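Below you'll find the structure, written out as structure tokens, and then a few comments.
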Amino acid sequence: MKILFHHRIASRDGQAVHMEELIDAFRRLGHEVVVVGPTFVSKQDVGAESGFVTQLKKGLPKFAYEILEFLYSFYAFRRLKRAYDRHRPDVLYERYNLFMPAGVWLKRWVGVPLFLEVNAPLFDERKRYEGLALGRFAKWIENVTWRGADRVLPVTQVLADYVGKANVPSDRIVVTPNGISRERFLRSVDTEAAKARLGLSGSIVLGFTGFIRAWHGLQMVIDLLAERGDERLQFLVVGDGPGRPELEEKACCLAVADKVHFVGLVQHDAIVDYIAAFDVALQPSVTPYASPLKIFEYLALGKPVVAPRLPNIEEILVDGETGLLFAPGDQQSFAAQVRRLCSDEDFRKRVGSAGRRLLEERDLTWDGNARRLTAMFEQAVGSHNAALAEAS
């Protein structure tokens with residue numbers, strides 16, 4: 001099967017990892033994947049944002065940047081149409097972005113089935129955190145794009161509810177969570193050897209991976225380290241971002257800077273070597289509709305996860321069985337769950353093993369996602385071909 005894969009990702013963060021892993025999984029199944037996306041993608045390590053896009057966003061008034069986003073769709077449509085004419089794909093798979101109806105335009109122009117992956121309700125997200133100059137237009141474009149797809153693929157049920165409110169029929173919405181690379185992550189690791197390589201032998205390592213932003217709640221970990229308790233606790237942060245200076249300053253102010261270790265940006269292939277050193281994996285905060293890639297990676301490596309008790313997290317974890325959940329934003333609840341794991345090695349191992357089994361039983365891998373998507377593609381192509389035959 002030929003898949004035309006369209007995106008507007010220009011950074012080397014979790015978005016790019018998701019996209020590249022899924023494309024590779026499609027190809028492992030024997031599909032031909034033609035990728036159409038920005039040609040100025042950042043070449044930095046995972047966790048980095050595109051410098052070009054960031055500077056453009058900072059340098060332009062909001063309305064001008066949003067107009068440019070929409071105008072990019074015409075360029076994207078032209079490239080999509082050229083790719084369609086050359087390759088004649090069976091389906092179009094598009095990663096949704098705001099102000100980008102190019103995939104819907106191609107579907108309407110040539111009739112190719114459109115599968116739209118949705119990772120966030122971007123209108124709501126940008127309106128809340130950044131503000132939108134062209135708010136009404138942005139919402140209209142989002143609704144048109146969601147409604148125009150043959151299938152909308154939100155990553156959580158919480159996000160599926162957002163899509164449903166845009167009057168997308170429920171039979172066209174299929175929840176498709178994130179996954180992991182079975183080859184890279186679903187394997188045994190030697191925690192003590194990993195700690196030794198990092199100079200953390202004899203410690204209980206709390207760990208976090210990803211782009212560091214203030215809303216990730218990592219300040220809660222610094223507060224925990226500053227409390228009297230187990231002096232063996234160390235915090236390993238794998239990644240970088242705008243929230244790092246504030247975190248470093250707080251660690252210094254609370255006299256725990258020697259317990260906080262920033263690795264910085266690393267290649268995604270190397271991240272296993274750092275997660276391997278974790279005794280407890282942390283997700284102190286999360287957007288309420290996300291399917292956090294890091295949680296899947298933690299689970300795959302058998303690491304017990306502490307995360308907020310939110311509906312999207314409860315789609316993945318069962319408290320006390322496959323992870324430990326705490327009241328969102330509650331320092332005492334967070335600290336209690338972390339200490340519960342730190343104080344009992346056998347419990348840590350049981351929770352970590354159960355999380356790994358969950359991942360395997362549900363086949364929450366990129367290959368599993370590709371197989372499930374392929375079945376949907378085949379059904380859509382069959383229906384499309386039947387409709388063409390009937391029309392002729």
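Val41 passes all but one of (1) in a loop (DSSP other than H, G, I, E, B); (2) of a type in the set (A, V, I, L, M, F, W, C); (3) at pLDDT 90 or above; which number fails?
Condition not satisfied by Val41: (3).
Of all residues in region 275-292, which are of a type outside the set (Gly, Ala, Ser), within 24 Å of Pro245 (Cα to Cα), within 19 Å of the chain's Cα centre (by Cα) and crowded, with 20+ Cβ neighbours inside 10 Å?
Residues satisfying the conditions are Ile275, Leu282, Gln283, Pro284, Val286, Pro292.
For region 249-271, which positions are surrounded by fewer than 16 Cβ atoms within 10 Å (Cβ to Cβ), modelled with pLDDT of 95 or more, part of a helix (DSSP H, G or I) and touching a helix residue (DSSP H, G or I) at 6+ places or on another chain (Cβ under 8 Å)?
Across region 249-271, the qualifying residue is only Ala257.
Tell me, which residue of region 346-369 that is under 25 Å from Pro308 (Cβ atoms) and touching a residue at least 60 places away in the same chain (Cβ under 8 Å) is surrounded by the fewest Cβ atoms within 10 Å (Cβ to Cβ)?
Out of the qualifying residues, it is Glu360.
What pairs come out if I take residues in region 314-326 that are in contact (Cβ under 8 Å) with a residue 60 or more places away in the chain and pair them with residues that are outside any loop (DSSP other than H, G, I, E, B) and β-branched (Val, Ile, Thr) whose C-beta lies under 8 Å away, six or more apart or interchain?
Going by the 8 Å Cβ cut-off, the qualifying pairs are Glu315/Val158; Ile316/Ile295.
Let me spell it out: the conditions are (1) free of Cβ contacts under 8 Å to residues at least 12 places away in the same chain; (2) among the hydrophobic types (A, V, I, L, M, F, W, C); (3) surrounded by 16 or more Cβ atoms within 10 Å (Cβ to Cβ), and Leu122 meets all of them except one. Which number is the exception?
All conditions pass for Leu122, except number (1).
Is it the case that Thr145 is under 29 Å from Leu341 (Cβ atoms), crowded, with 19+ Cβ neighbours inside 10 Å and not assigned by TED's automatic domain parsing to the domain that holds Val221?
no
From the set of residues in region 344-373 that are out of contact with any strand residue (DSSP E or B) (no Cβ under 8 Å at 6 or more places or on another chain) and aliphatic (A, V, I, L, M), which is farthest from Phe185 (Cα to Cα)? Give the steps one after another, and end with the answer.
So in region 344-373, the residues out of contact with any strand residue (DSSP E or B) (no Cβ under 8 Å at 6 or more places or on another chain) come out as 344-347, 349-350, 352-354, 356-358, 360-363, 367-372.
Then keep just the ones that are aliphatic (A, V, I, L, M); that gives 354, 358, 370.
On the way: Ala354: 15, Leu358: 14, Ala370: 17 Å.
My answer is Ala370.
Considering every residue within region 74-94, establish whether at least one is aliphatic (A, V, I, L, M), surrounded by fewer than 23 Cβ atoms within 10 Å (Cβ to Cβ), in contact (Cβ under 8 Å) with a residue 12 or more places away in the chain and under 22 Å from Gln157 (Cβ atoms).
No, the conditions are met nowhere in region 74-94.
Which condition from (1) touching a strand residue (DSSP E or B) at 6+ places or on another chain (Cβ under 8 Å); (2) within 28 Å of Asp24 (Cα to Cα) is the one that Leu341 breaks?
Going through the list (1) touching a strand residue (DSSP E or B) at 6+ places or on another chain (Cβ under 8 Å); (2) within 28 Å of Asp24 (Cα to Cα), Leu341 breaks only (2).
When both residues are 6+ apart or on different chains and their Cβ atoms are under 6 Å apart, which pairs have a first residue that lies in region 370-386 and is closer than 16 Å to Val110 by Cα, and a second that is among the charged types (D, E, K, R)?
So the pair list comes out as Ala380/Asp150; Val381/Asp90.
Can you tell me which residue among Phe70, Phe99 is within 21 Å of the chain's Cα centre (by Cα) and at pLDDT 95 or above? Give the derivation first.
On the way: Phe70 fails: within 21 Å of the chain's Cα centre (by Cα).
From the options Phe70, Phe99, the qualifying one is Phe99.
Yes or no: region 179-198 includes at least one residue that is among the polar types (S, T, N, Q), in contact with a helix residue (DSSP H, G or I) (Cβ under 9 Å, 6 or more places away or on another chain), crowded, with 18+ Cβ neighbours inside 10 Å and closer than 30 Å to Val237 by Cβ.
Yes, region 179-198 contains at least one residue that is among the polar types (S, T, N, Q), in contact with a helix residue (DSSP H, G or I) (Cβ under 9 Å, 6 or more places away or on another chain), crowded, with 18+ Cβ neighbours inside 10 Å and closer than 30 Å to Val237 by Cβ.
The values are calculated or read from the model by the stated rules, or taken from the named source; none is laboratory data. Please read these numbers as outputs of a predicted model, since none were measured by experiment. Neighbour counts are summed over all protein chains in view; Cβ atoms, including those assigned to glycine, are modelled from backbone coordinates with ideal geometry.
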